[in-house]
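Reading through the structure tokens given below for one structure.
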Amino acid sequence: MKTHVSQLRNSPAPGPGSKSGAAQRRPRRPLPGLTLRRGLARIALLWERVWPRFWPAISVVGLFLAVALFDILPDMAGWLHVVVLVVFAGAFLAALWRGTRGLRMPTDDDARRRLETASGLDHRPLTTLQDDMAVGQNDTAAQALWDAHQARARQALRDVRVGPPRPPVARRDPWALRGAVALILALAAVTAWDDAPARLERAVQPGFGDAVAKNDITIEAWITPPTYTGRPPRMVDIKGLKKALIVPRGTKLMIQVHGGSKQPVLSTGRQRVVFKALDKSSFQAEVTLYHSGRVRVQHDGDRIVNWQIQVMGDLPPKIAWAKTPKTPQRISVRFDYTAEDDYRIARIRAYIARNGETDVITLRLPVIGGRKAKGTAYHDLSSHRWAGLPVAVILEVEDDAGQVSTSKIRSITLPQRAFSNPVAREMVRQRRLLTLDPQKVGDVIRRLDQLALQRKIFKNDSSAYLGLRSSQGRLILGIRQDGQNDADHRIRRDRAIREAQALMWSTALRIEEGGLSELERRLRQLQRELSQRLSQQKQNPKELQKLLDKLRQAMREYMKALRKDMRKNPQKYSRQPFNPNERTMTNKDIERLMQQLRNRLKQGDKQAAQRLLSQLQRLMERLRAGNSKPMDPNHPALKMMRKFGDLIRRQQKLMDETNRRAKQRRDGKANPKEDQRLRKEQNDLRRQLAEMMRKLGEMTGKVPKNLGRAEQEMRRAEGRLKGRQPGRAVGPQGRALEQLRRGAQRAMRQMARKFGMRPGRGMRAGVPRNGLLGRNRDPLGRRLDGMGPLDDNNVKVPTESQRKRARDILEELRRRSGDGRRPKIELDYLDRLLRQF
């Protein structure tokens, strides 16, 4: 400053002809960026003044949006909806009026002062730049001093900054209610998401719900559950719909509106559908339900439908072991399982694994498409390459929706078949060696070559010889290197081993059993093919009948070959006497089973056909194991049991006829010849029982006391029939029938002990655990539930064609009920019919 002053003092004074100091002063140069900063400062000041005043109004708007997005308002009554809208509008206007009162816009001076304050500048440099000299404009020294002052102010403004706005909201909102409103609004936005526009529109459109009464509108609704549920479509009972309508996920909802001229609008969750016009006054809309919520229909500004829908997701199925897997016949593995699903089971599989490898076995369901499955499946795994080795087994169930669940892991040792022929036995041993150590494939090739030379042992069977040489050749081709890398060579070798193992097994069976093994394999293949066809949705009846004919012919050939082999090699089959706890089996039983299977296929009853096919498979397992062979019809025990069964049926029939005769006598109808015939028949039955008791005593050395009591009751009934008192004879006949049944059961146990039969599975000292003769069995041990040799067909199950006709009738009823042009009396009748179904 001193330098400037000295320079001013030494400078010459302006002459009379020179310009004045004010005229010599240079114009002001604006500071770069100062105008922008001043504008930002004004905006910051405006925010600091507006936000504290208007946050209540904005909070009211945010709260209303949150309520609207939560879809709360449409559930209210129409008048209450209007009241809430008015309250929100009033609160917003009040808060807006309060905020605008006394509001002043920021000026340039306010902006400059904020910049100086936010930048921490002293002596107000922005104001300095805007000032002018009050006096001394013609004084050169004063002008120089003023310019120096301006330069220092400009230097100070190089670091000027706006700074963030700091509205004093905390003083007016000490509880931070604005933050709570923002959080609720964010949650509501996430909840509504894609349905936000539709929910906001419903929030400002109150519905009063009286359109039905005013406009004479009728509403009909049907729900069609998804395919994976297996449930039929049904009509919604609109009048009885007081609680939430529970439907599976993916259900189709169809609503028809009859009446009015404008197209209604259906909204549910994130969906909004405009009704399609069926005619001038009928409209229809259909949506698929994926989420729970409200189903609403707006018609002419009124809400005519407001239902709560609860969508239930498809739960995954469950499966468990009913019993640990076993090998009861040392040939097949028995899988006992229980599975359930909330809707329908599609398939059940079993996985067996060893050393990282897995094989899949498909188990047949006892009932196709059922919610629960409890069954037993037999699978012949003696031909598996892991036969005789421990494996891990796990069950897997899948429902129609594709969801999968598994059971716990069980460990078993797969059954291994015993061979009597030395060549067959050695082939199976070499086959197992390939599984345990594939590196020894060379030793197996040499051993197969040695076995092929022993043609006398397998009776010069050319098929067996070709099988041995083919197995050897496939293994030789599989171990050739042929320029392949190690990985490709290993894959080729393992594939050749699998093919050779299958061929070695079939050759061993050929050597051991001759043509019987081929017939058995063909029979099993036909059974699997028929089971797969039955599991398909679309079937060709003609193809099913052809396949069944092939199965029947294969069964006949197999039974013929089995009997021939039993006569030729009796040592391979166990010769157990008659077992009352097991079903006896004759050719007639097999033919009857095949005929029942054919009848079920003709009727279209796939479930019953599948059950009969499973029964045939179990029959085959017992036959193959030798535990249940075709019974000799002349076996003493079997003949005696047939006689007991015939006697019991005749006594039952005689008691029914006596009862009818007693009713006729009460009606005054006399018939002496009929009374004499009944007495004579009762006498014949008593004599037949006495003869059977004598033979039973000779056979077993002891006669059950129940048979003696039965003979006494028969004698008492005979006496009352002789006195023409049929009504009093019914009681002794009933007691005789009961004693006959008990006596026949004890006679079977005596014959079992006589012929050396030990108590079978499911028996206690010869008595079945599920009853004296087993559940649903007659005195001969035969089943009475339509699954055994005796089928009385007393329960009529609707066939597939009958069920289809019922569905067609139901669809026609729904179609007619949706036609609003029909008379009202007819529509009411159709509505009553649909409610029953």
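The values are calculated or read from the model by the stated rules, or taken from the named source; none is laboratory data. The shown structure was predicted, so the numbers you read here are calculated from the model rather than taken from an experiment. Here the Cβ is made from the backbone with ideal geometry for all residues, glycine too, and neighbour counts use every protein chain on show. When the accessible area is computed, the model is the full protein with side chains, heavy atoms only, and any ligands, DNA or RNA have been set aside. Shrake-Rupley method; radii C 1.70, N 1.55, O 1.52, S 1.80 Å.
Assess whether Arg474 counts as being assigned to a loop (DSSP other than H, G, I, E, B) and either open to solvent by 60 Å² or more (accessible area, probe 1.4 Å) or of a type in the set (Asp, Glu) (or both). So Arg474 fails the test. In the condition set (1) in contact with an Asp or Glu (Cβ under 9 Å, 6 or more places away or on another chain); (2) more than 24 Å from Leu612 (Cβ to Cβ); (3) crowded, with 16+ Cβ neighbours inside 10 Å, Val393 is compliant with all but (1). Taking the criterion of being under 16 Å from Arg202 (Cα atoms) and surrounded by 12 or more Cβ atoms within 10 Å (Cβ to Cβ), the residues of segment 84-94 that qualify are Val84, Leu85, Phe88. Would you mind telling me which numbered condition in (1) outside any helix (DSSP H, G or I); (2) surrounded by 15 or more Cβ atoms within 10 Å (Cβ to Cβ) Arg480 fails? Among (1) outside any helix (DSSP H, G or I); (2) surrounded by 15 or more Cβ atoms within 10 Å (Cβ to Cβ), Arg480 violates only (2). Within segment 532-548, can you find the residues that are open to solvent by less than 20 Å² (accessible area, probe 1.4 Å) and modelled with pLDDT of 75 or more? Listed by number, the residues that qualify are Leu544, Leu547, Leu548.
Restricting segment 250-270 to residues that are out of contact with any His (no Cβ under 9 Å at 6 or more places or on another chain) and in a loop (DSSP other than H, G, I, E, B) leaves a set whose member that is least open to solvent (accessible area, probe 1.4 Å) is Gly250. Checked against (1) in a loop (DSSP other than H, G, I, E, B); (2) crowded, with 20+ Cβ neighbours inside 10 Å; (3) β-branched (Val, Ile, Thr), Ile319 passes all but condition (1).
Regarding Pro580, is this residue open to solvent by less than 20 Å² (accessible area, probe 1.4 Å), over 15 Å from Glu520 (Cβ atoms) and modelled with pLDDT under 70? Yes: the conditions hold for Pro580. Picking from residues in segment 681-701 that are farther than 22 Å from Met751 by Cβ and of a type in the set (Lys, Arg), the one that is surrounded by the fewest Cβ atoms within 10 Å (Cβ to Cβ) is Arg687. Among the residues in segment 565-576, are any among the aromatic types (Phe, Trp, Tyr), farther than 24 Å from Lys602 by Cβ and at pLDDT below 70? Yes - at least one qualifying residue is present in segment 565-576.
When segment 657-680 is filtered for residues that are modelled with pLDDT of 85 or more and either surrounded by 18 or more Cβ atoms within 10 Å (Cβ to Cβ) or over 11 Å from Leu721 (Cα atoms) (or both), the ones remaining, listed by number, are Glu657, Thr658, Leu678, Arg679. Determine if segment 499-519 includes at least one residue that is in contact with a helix residue (DSSP H, G or I) (Cβ under 6 Å, 6 or more places away or on another chain), without any contact (Cβ under 8 Å) to a residue 12 or more places away in the chain and surrounded by fewer than 20 Cβ atoms within 10 Å (Cβ to Cβ). Scanning segment 499-519, I find at least one residue that is in contact with a helix residue (DSSP H, G or I) (Cβ under 6 Å, 6 or more places away or on another chain), without any contact (Cβ under 8 Å) to a residue 12 or more places away in the chain and surrounded by fewer than 20 Cβ atoms within 10 Å (Cβ to Cβ), so the answer is yes. Residues considered: Gly719, Gly731. Of these, the only one that is assigned to a helix (DSSP H, G or I), closer than 24 Å to Arg661 by Cα, under 55 Å from the mean Cα position of the chain (by Cα) and not aromatic (Phe, Trp, Tyr) is Gly731. Taken over segment 218-249, the criterion of being part of a loop (DSSP other than H, G, I, E, B), under 21 Å from Lys824 (Cα atoms) and at pLDDT 80 or above is satisfied by Val236 alone.
Segment 337-446 holds strands (runs of 3 or more DSSP E) entirely within its bounds, and those carrying 3 or more residues that are out of contact with any helix residue (DSSP H, G or I) (no Cβ under 7 Å at 6 or more places or on another chain) and more than 23 Å from Arg498 (Cα to Cα) map to 345-354, 372-380, 390-399, 404-406.
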